[in-house]
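Data block below; observations after.
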């Protein structure tokens, strides 16, 4: 039987909140944002309806998230009924 000692989870690695890792993540996120901005600018030049699509995209995303939530909730209730909980 092995005993877990507090702190042995990391196995010698630094925790996620270290300065070096946060700095690396910050640079990565900044680069992704830069490339996304360049891509949006290029897309708006090439496609006339891109601005309209970009303005309406959050509504479609919200609808999709709601549908997935309803689907998961329905199957969750089915499982609870099958188990005799509800």
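Answer yes or no as to whether residue 48 is modelled with pLDDT of 90 or more and surrounded by 10 or more Cβ atoms within 10 Å (Cβ to Cβ).
no
Give the number of residues within the stretch 6-45 that are loosely packed, with under 10 Cβ neighbours inside 10 Å and modelled with pLDDT under 90.
Within the stretch 6-45, residues that are loosely packed, with under 10 Cβ neighbours inside 10 Å and modelled with pLDDT under 90 number 12.
Out of curiosity, is residue 3 at pLDDT below 90 and part of a loop (DSSP other than H, G, I, E, B)?
For residue 3, the condition - at pLDDT below 90 and part of a loop (DSSP other than H, G, I, E, B) - is met.
Quickly run through the stretch 37-86 and pick out the residues that are assigned to a helix (DSSP H, G or I), in contact with a helix residue (DSSP H, G or I) (Cβ under 8 Å, 6 or more places away or on another chain) and without any contact (Cβ under 8 Å) to a residue 12 or more places away in the chain.
43, 44, 50, 51, listed by residue number.
The values are calculated or read from the model by the stated rules, or taken from the named source; none is laboratory data. Small disclaimer: the values here were computed from a predicted structure and weren't measured. Backbone-built Cβ (ideal geometry, glycine too); neighbour counts: all protein chains shown.
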